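Chemist: My structure is below; once you've seen it, I'll send some questions.
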Amino acid sequence: MGSRDSVATLKGVGKQAAETLQEMKIETIHDLIMTFPYRHEDFQLKDLADTPHNERVTVEGRVESEPSVLFLGKKKSRTQVRVLVGRHLVKAIFFNQPYVKAKLHLGEIITLTGKWDRGRQVITVSNHSIGPRTDGADFEPVYSLKGSIHQKTFRKLMRQALDLAKGDMEDCLPKSLVETYQLAPIQDALEWVHFPPDGEAVKQARRRFVYEELLVFQLKMQALRKKNREEEGGSFIDYDLERLKKFIDSLPFDLTAAQKRVVNEICKDMKEPFRMNRLLQGDVGSGKTVVAAIALYAAHSAGLQGALMAPTEILAEQHANTLEQWFRPFSMNIALLTGSVKGKKRQLILEQLAAGEIDILIGTHALIQPEVKFHKLGLVITDEQHRFGVDQRRVLKDKGYNPDVLFMTATPIPRTLAISAFGEMDVSIIDEMPVGRKEIETYWMKKDMFGKIVGRMEKELSAGRQAYVICPLIEESDKLDYQNAVDLFQQLSMYFKDRFTVGLMHGRLHSEEKEQTMREFTEGKVDVLVSTTVVEVGVNVPNASFMLIYDAERFGLSQLHQLRGRVGRGSEQSYCVLLADPKTEIGKERMATMTETNDGFVLAEKDLQLRGPGDFFGRKQSGIPEFKMADLVHDYRALETARKDAEKLISGAEFWQAEEMRCLRQQIEHSGILSGGRLD
């Protein structure tokens, strides 16, 4: 019997168990063996003198008193007994297990596992066995199971499976990598992950499987990148360096060192014969737009058209106004195409675009309508790229003959997530702020100080500036006691009556209503904008200098940072007040962190540590894979190593030919990447 045989051939697997295992995607013995435990229970005997308070501990001791049971109501009870553990006379408490009273006898040896309360000298027991330890299993695997299959049953099946498949499990990692990193061979690693003799064995097994999992994923990413480059070809953009330098010199400010570095990376890509596929990350206000302008001008100097797609009409208009100012001395024809551009004006833009008379087209998703045809599209830039679906981005890309593509985002993505979610792209980062920009002063205040905060807001408004007030909910909810936008809008309208104008914006308004409210705020007709998070992307109102975020503990750190970035865009000092009463230590830590740094990348890393990769984007991000063993937060060094190794392997001939690489090659082939399938 081998690893490819059905799991139903194992002793103890009946029809019901086979169906349950199938639900867990376990059909073969190989599938079973590759189902790893999500943690290991540590049953090593410990000395209570060395065990910290509230730690889980396993001890052996002698029963020193008759057990007593206290019934606390329906099916609830508390059994208590004194046990001598070494020099410590401790109280052992069993909740809802009255039957243990009959098993515990004076003078008997007992093994207990539970939570140690050092101050009260109490162990709250979760596992126990009568008599001294005899099985010697210090580390017990715990699996994520379904249905009626219990841990004990699953472990018995695993033991059978490992014994049957001994010598039959192929080691996918080539010998060279196993030796370089001194990784455990496959058979040892499998034995240690399921039945570890000690803690070091668990560590070594995990180390091996984490690296293998991340390497296979990165190989898929790099294979996809290689395929995109080789098969799609691309436009070799032979830009005019002298003209480009003149354009950069004409800008009303000097580029930062980070902007110069990123511009060089983009320009190098444009000169290459393959299609650029680059992600440009830059914190709020770091100057991504000017980098986009330089790239667009480079394409123009090579006789090609450029397109810039933004997620909202207001953002598209802002980009158009900014670029028109910068490009004015260079006689370039820039057009704006959004849903609001209709009739003859729209028709004229479409005709000029097809004839090559428009150099740069800026717009919303209106750019990807079928009737929009370019004469010679060389460069596509999408701003806030995660706001557009993959298909929307692809349609715009397909409007030219494989134009170079630059994706921009103001959401700082931690490096580990960028490597995972956007691993097939090259990543550029602007990690420096323009000179002279004042840091936003951020304060965390409790809700009972609301009156004082409104007074501070009024001071800014009286000086002719504007303010944002952000809320997490639109309408009242019975379940959540959070302030909502509608209530707050009414309160502030009453308070500022006849003095300042208050506007309201939220997700349930029609897009035309949202655009209108935002336009009024941008033009200064609205002084205070009460809004849900719909303002978080790209809006530029330099006169706004004050932001109040209500129930700030409801937002992730990265989201709070995005919101905060709506102020601090003018020359005046700006302020952000977080109104929050967090109940947890993590909640308090997040608020404190916001007041300590304005660096979005620092916050993004912290957010990833506190919330985990699944919640980082506020929703399940399809680009981030589900790993069996690897953890993107803690295994970032292994991820970096795996990426470097994968790049090297994919670019070398040996990987595609050598026998020892066959298993890794098969992993890529089965993913469907090389035949045009998508990356799973």
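Chemist: Note the angle between two axes, namely the Cα long axis of helix 511-522 and the longest principal axis of the Cα atoms of the chain, as a number of degrees from 0 to 90, rounded to the nearest 10.
Modeler: It works out to around 70 degrees.
Chemist: Okay, next question. Output the peptides 59-69, 596-606, 517-527 sorted from most to least packed, where packing is the average of other Cβ atoms within 10 Å over each peptide's residues.
Modeler: 596-606, 517-527, 59-69
Chemist: Helix 343-355: angle to the longest alpha-carbon principal axis of the chain, degrees 0 to 90, nearest 10?
Modeler: That works out to roughly 80 degrees.
Chemist: With r defined as the distance between the Cβ atoms of Gln182 and Arg39 and R0 fixed at 25 Å, what FRET efficiency is calculated, to the nearest 0.05?
Modeler: Efficiency at R0 = 25 Å is approximately 0.50.
Chemist: Please list Lys644, Lys583 in order of solvent-accessible area, largest first, computed with a 1.4 Å probe with all protein chains present.
Modeler: Sorted by accessible area, descending: Lys583, Lys644.
Chemist: Mind listing the lone cysteines of the chain, meaning no other Cys beta-carbon sits under 4.7 Å from theirs?
Modeler: Cys267, Cys471, Cys576, each lacking another Cys Cβ under 4.7 Å.
Chemist: Could you order Arg566, Arg118 by accessible surface area, starting with the largest, using a probe radius of 1.4 Å?
Modeler: Largest to smallest exposure gives the sequence Arg118, Arg566.
Chemist: What's the FRET efficiency of Asn96 with Thr597 using the Cβ-Cβ distance as r and R₀ = 41 Å, to the nearest 0.05?
Modeler: My answer for the efficiency is 0.30.
Chemist: If the limit is 30 Å between Cα atoms, which of Lys220/Lys606; Lys373/Lys525; Lys271/Lys628; Lys203/Lys644; Lys46/Lys75 go over it?
Modeler: Checking Cα-Cα distances, Lys373/Lys525; Lys271/Lys628; Lys46/Lys75 exceed 30 Å.
Chemist: Between 0 and 90 degrees, rounded to the nearest ten: what's the tilt of helix 151-164 against the longest Cα principal axis of the chain?
Modeler: 90 degrees
Chemist: Net charge near Thr113, counting Lys/Arg +1 and Asp/Glu -1 over other residues with Cβ under 12 Å of its Cβ?
Modeler: Net of charged neighbours comes to -2.
Chemist: To make sure I understand the rule: partners must be lysines, Cα under 17 Å from the Cα of Lys583, and not fewer than 8 residues away in the same chain. Which ones qualify?
Modeler: Once the sequence-local lysines are set aside, what remains near Lys583 is Lys446, Lys447, Lys479.
Chemist: Please give, to one decimal in nm, the separation of the simple spin-label points placed at Gln666 and Asp5, each 7 Å out from Cα toward the Cβ.
Modeler: Modelled inter-label distance: 1.9 nm.
Chemist: Further question on the same structure: Rounded, prolate or oblate, given the Cα gyration tensor of the chain, with a/c below 1.5 counting as rounded?
Modeler: Judged from the Cα gyration tensor, the chain comes out oblate (a/c at least 1.5, b/c at or above a/b).
The values are calculated or read from the model by the stated rules, or taken from the named source; none is laboratory data. Fair warning: this is a prediction, and the values are worked out from it, not measured in the lab. Neighbour counts are summed over all protein chains in view; Cβ atoms, including those assigned to glycine, are modelled from backbone coordinates with ideal geometry. Accessible surface areas use protein heavy atoms only, side chains included; no ligands, DNA or RNA. Shrake-Rupley method; radii C 1.70, N 1.55, O 1.52, S 1.80 Å.
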